Number of protein chains: 2
Amino acid sequence: MKEFELIRRLTRGLPSNSSVVVGAGDDCAVLEAGPPDRLLLFKTDAVVEGVHFTAGTPPERIGHKALGRCLSDIAAMAGTPTAALVTIGLPRDFKTESVEGIYAGMNALARRYEVAIVGGETTTNPGGIFISVALLGWAPRGKSVLRSGAEAGDAIFVTGELGGSLAGKHLEFEPRLAEARWLAQHFAPHAMLDISDGLAGDLRHILKASRVGTELLATAIPISRGARLAAKAGSAAKPALLAALTDGEDFELLFTVASRNAVPLLDGWRKQFPKLALTCIGKITAGEGITIRDKNGARPLTAHGYDHFA
Amino acid sequence: MKEFELIRRLTRGLPSNSSVVVGAGDDCAVLEAGPPDRLLLFKTDAVVEGVHFTAGTPPERIGHKALGRCLSDIAAMAGTPTAALVTIGLPRDFKTESVEGIYAGMNALARRYEVAIVGGETTTNPGGIFISVALLGWAPRGKSVLRSGAEAGDAIFVTGELGGSLAGKHLEFEPRLAEARWLAQHFAPHAMLDISDGLAGDLRHILKASRVGTELLATAIPISRGARLAAKAGSAAKPALLAALTDGEDFELLFTVASRNAVPLLDGWRKQFPKLALTCIGKITAGEGITIRDKNGARPLTAHGYDHFA
């Protein structure tokens with residue numbers, strides 16, 4: 001069974017209560033916590049040796065990635081992170097310096113975003129390092145951006161450049177927290193998430209949740225330099241465009257806004273975040289699935305995003 | 001390096017912020033979340049195949065234990081749990097029915113305590129099943145019970161019976177949520193935790209945090225039937241009293257109250273919770289460490305609680 005089918009089965013009929021605003025299925029859970037002006041965001045994410053990083057990865061980068069993934073999910077809801085708990089499973093022969101390095105990487109990133117690390121747990125995991133981070137954050141009430149709000153006619157945007165993340169970016173990415181909050185404050189995105197499974201796979205999450213389709217422009221998709229170089233050198237298993245569509249772990253923002261906001265958004269963005277690319281890659285349609293248009297015309301995209309159990 | 005020494009090193013100088021009321025080192029983190037009448041509790045806890053349960057354990061009980069451990073920590077702060085996220089790492093050859101069984105066990109327990117399960121993650125863990133649960137809860141402001149409030153002269157109480165938990169109770173225990181809230185409401189415990197490392201080990205956590213000592217009465221310590229039978233049959237590696245002091249994973253409440261409250265507490269408890277034993281096992285002293293008194297006199301207790309890396 002594939003990952004998404006398993007998750008679908010497991011999340012059917014989960015226990016709920018009156019505090020739940022958004023349960024399983026979005027970037028974060030959204031909870032009622034009392035304050036009249038804001039809602040609580042709640043997220044966990046794990047990184048595992050041999051799956052999300054290799055045995056030789058510098059510990060600081062493992063720590064950065066472990067917390068960074070959760071921060072990126074808070075960004076995807078246009079939230080502000082506040083406090084984290086860290087669970088680390090360690091093999092029996094672990095080195096103290098490795099664990100301290102993991103914490104050093106997490107602590108540095110946490111300090112940059114004023115996130116408190118309020119505890120956690122170390123335990124034994126015979127198979128290798130397993131890190132699970134739980135993170136809390138806040139979103140202004142009515143301003144957290146879900147996956148389900150995309151509308152036909154919306155323009156689709158992506159930050160940064162995509163593909164080839166495994167060459168290094170997946171361990172060093174910066175969560176787009178300030179960018180997402182600015183977006184929510186000024187341009188009311190209809191739907192947003194952070195790209196972890198790959199542009200195509202994650203875009204499908206938005207389409208499914210919003211019951212819409214999309215047409216992408218092949219030439220507009222921002223392909224990372226790494227993905228281009230790998231494709232040119234013939235060392236990549238796939239062409240650069242496919243890498244940008246399916247590699248995953250980009251941790252960039254993917255979002256839609258009303259088409260009338262597209263030009264003002266691009267103008268405002270250039271002034272606010274001159275160092276980070278923002279690209280319009282296509283539009284939301286009333287149809288179904290992803291259509292991709294290039295010089296030869298339009299065709300349905302069948303490639304899948306990264307599947308953790310594939 | 002032992003677990004507690006590693007934790008001490010890792011929790012030195014963790015990033016903090018103004019939302020933190022209690023950070024690393026107690027049963028739960030305590031956070032300011034806005035409501036004037038209450039504080040937010042935040043906890044994660046993990047269970048790992050081969051460490052906290054064996055490969056043949058029924059999946060429902062694994063799920064029960066995974067969530068139950070976190071619920072027991074919320075109880076230790078006299079809190080009310082509200083929402084959980086579940087991270088499950090699975091070996092590549094996992095069975096769908098096992099994962100559904102784990103969720104069934106968690107869901108049943110969550111429903112019993114009106115806890116919402118608001119999402120989480122499944123990922124790969126090559127070495128075996130690894131489950132990390134993150135749990136939120138609330139405690140009335142000023143009523144969450146820390147480890148650090150024990151005072152010389154306090155009476156020490158424990159719920160239920162101790163020792164021999166590995167024979168089955170560690171997979172089936174009931175978190176003492178209602179009992180802890182009742183205690184906090186009526187008898188203002190000075191210090192409280194739930195017993196996971198073993199009575200002796202966990203009592204040391206209270207003594208260290210509160211800078212006090214204790215004298216226990218050997219004959220007063222409630223020893224479980226299982227620990228007694230195992231010791232009688234000669235099948236146990238240690239005498240029944242030592243099992244009660246050091247086995248761990250009892251998930252009973254250990255707490256101290258002002259000595260004037262001891263008798264009213266025992267009276268009130270018998271009416272409120274007639275099916276659950278409550279035992280006074282000794283008193284807090286101005287000294288240091290644990291002294292245990294039996295018919296041969298008093299001697300310092302040197303046995304250690306369960307150490308996860310021992």
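Observations
- Checking each residue in the stretch B:89-105 for being buried (at least 20 other Cβ atoms within 10 Å of the Cβ), aliphatic (A, V, I, L, M) and in contact with a Gly (Cβ under 7 Å, 6 or more places away or on another chain) picks out only B:Ile102.
- Restricting attention to the stretch B:19-38 and to residues that are free of Cβ contacts under 8 Å to residues at least 60 places away in the same chain and more than 7 Å from chain A (Cβ to nearest Cβ), the residue that is surrounded by the most Cβ atoms within 10 Å (Cβ to Cβ) turns out to be B:Val21.
- A:Ala83 under 22 Å from A:Ser148 (Cβ atoms), in the same structural domain as A:Ile131 (by TED's automatic domain parsing) and of a type in the set (Gly, Ala, Ser): no
- Among the residues of the stretch A:72-84, the ones that are surrounded by 24 or more Cβ atoms within 10 Å (Cβ to Cβ) and within 13 Å of chain B (Cβ to nearest Cβ) come to 6 in all.
- Subset of the stretch B:250-291 (residues that are acidic (Asp, Glu) and free of Cβ contacts under 8 Å to residues at least 40 places away in the same chain): B:Asp267
- Checking B:His205 against (1) more than 14 Å from chain A (Cβ to nearest Cβ); (2) outside any loop (DSSP other than H, G, I, E, B); (3) not aliphatic (A, V, I, L, M), the condition it does not meet: (1)
- Lone unmet requirement of (1) surrounded by fewer than 24 Cβ atoms within 10 Å (Cβ to Cβ); (2) away from chain A (no Cβ under 12 Å) for B:His52: (2)
- The strands (runs of 3 or more DSSP E) falling completely within the stretch A:85-172 include none with 3 or more residues that are at positive phi, within 14 Å of chain B (Cβ to nearest Cβ) and of a type in the set (Asp, Glu).
- When the test is whether a residue is away from chain A (no Cβ under 14 Å) and surrounded by fewer than 24 Cβ atoms within 10 Å (Cβ to Cβ), B:Arg211 passes it.
- Screening the candidates B:Thr256, B:Thr285 for the property of being outside the structural domain of B:Ser72 (by TED's automatic domain parsing), under 28 Å from B:Leu67 (Cα atoms) and among the β-branched types (Val, Ile, Thr) yields one hit, B:Thr256.
- Condition check for A:Ala134: in the same structural domain as A:Ser259 (by TED's automatic domain parsing) and of a type outside the set (Val, Ile, Thr): no
- Against the conditions (1) over 20 Å from B:Ser144 (Cβ atoms); (2) part of a loop (DSSP other than H, G, I, E, B); (3) among the small types (Gly, Ala, Ser), B:Ala78 satisfies every one except (1).
- Subset of the stretch A:173-202 (residues that are in contact with a Lys or Arg (Cβ under 9 Å, 6 or more places away or on another chain), among the aliphatic types (A, V, I, L, M) and in a loop (DSSP other than H, G, I, E, B)): A:Ala188
- Under the condition of being touching a residue at least 60 places away in the same chain (Cβ under 8 Å) and within 7 Å of another protein chain (Cβ to nearest Cβ), the residues counted in the stretch A:1-13 number 3.
- Selection from the stretch A:136-162 of residues that are within 15 Å of A:Ser196 (Cβ to Cβ) and at pLDDT 95 or above: A:Val158, A:Thr159, A:Gly160, A:Leu162
- Here B:Phe173, B:Phe255 are screened, and the one residue that is modelled with pLDDT of 95 or more and buried (at least 23 other Cβ atoms within 10 Å of the Cβ) is B:Phe255.
- Here A:Ser16 fulfils each of the conditions (1) assigned to a strand (DSSP E or B); (2) within 10 Å of chain B (Cβ to nearest Cβ); (3) more than 17 Å from the chain's Cα centre (by Cα) apart from (1).
- Taking the criterion of being touching a Lys or Arg at 6+ places or on another chain (Cβ under 8 Å) and farther than 21 Å from B:Leu266 by Cα, the residues of the stretch B:137-162 that qualify are B:Gly137, B:Trp138, B:Ala139, B:Pro140, B:Arg141.
- Just one of (1) in contact with a helix residue (DSSP H, G or I) (Cβ under 7 Å, 6 or more places away or on another chain); (2) assigned by TED's automatic domain parsing to the domain that holds A:Ser165; (3) modelled with pLDDT under 95 fails for A:Gln272. It is (3).
- Residue check for A:Leu41: within 9 Å of chain B (Cβ to nearest Cβ) and buried (at least 20 other Cβ atoms within 10 Å of the Cβ): no
- Qualifying positions in the stretch A:264-306 - more than 24 Å from the chain's Cα centre (by Cα) and under 15 Å from A:Ala220 (Cβ atoms): A:Arg293, A:Asp294, A:Lys295, A:Ala298
- Among helices (runs of 4 or more DSSP H) entirely within the stretch B:208-291, having at least 1 residues that are among the β-branched types (Val, Ile, Thr) singles out B:240-246, B:262-272.
- Flag if A:Tyr113 is among the aromatic types (Phe, Trp, Tyr), assigned by TED's automatic domain parsing to the domain that holds A:Cys28 and closer than 23 Å to B:Asp27 by Cα: no
- Flag if A:Leu199 is at pLDDT 95 or above and either over 30 Å from A:Ile102 (Cα atoms) or in the same structural domain as A:Phe251 (by TED's automatic domain parsing) (or both): yes
- The residues in the stretch A:147-159 that are of a type in the set (A, V, I, L, M) and surrounded by fewer than 23 Cβ atoms within 10 Å (Cβ to Cβ) can be counted, and the count is 2.
The values are calculated or read from the model by the stated rules, or taken from the named source; none is laboratory data. Model, not experiment: these values are computed from the prediction. Reconstructed Cβ throughout: ideal geometry from the backbone, glycine too, with neighbour counts over all protein chains shown.
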